[in-house]
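Student: My questions all concern the structure below.
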Amino acid sequence: MHDAKASASVHPADPAALPRKSSDRAMIWLALIIGVLVVALASIAAAVTLILTGHSDFANGAWPIATAAVAGVVGLFAKSPTAD
């Protein structure tokens, strides 16, 4: 049976669970950026491999993943057009 009291004590947005140190936040950002770049490189490699093996129709699905991943990383560092 579900214990409502036990589940109420664990809150997913608990402020004590958030990273406080700058080095912890930097590691999270680094993991995010590396992960997105790995996805981009893997999808580019998949698209090139599919083209070289003669399955260029399947490669059409890998290019949007690569471009979206690269654009996402660029967007993290781009200055907002509305910022001063």
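The values are calculated or read from the model by the stated rules, or taken from the named source; none is laboratory data. Computed from a prediction, not measured in an experiment: that's the story for all the values here. Calculation scope for accessible area: heavy atoms of the full protein, side chains included, ligands and nucleic acids excluded. Shrake-Rupley method; radii C 1.70, N 1.55, O 1.52, S 1.80 Å.
Student: Are any residues in the range 38-72 modelled with pLDDT under 90 and open to solvent by less than 60 Å² (accessible area, probe 1.4 Å), and if so, which ones?
Tutor: Ala59, Gly61, Ala62
Matching residues to (1) assigned to a helix (DSSP H, G or I); (2) closer than 16 Å to Ile65 by Cα; (3) modelled with pLDDT under 70:
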| position | (1), (2), (3) |
| --- | --- |
| Met1 | no, no, yes |
| Ala6 | yes, no, yes |
| Ser23 | yes, no, no |
| Leu30 | yes, no, no |
| Val36 | yes, yes, no |
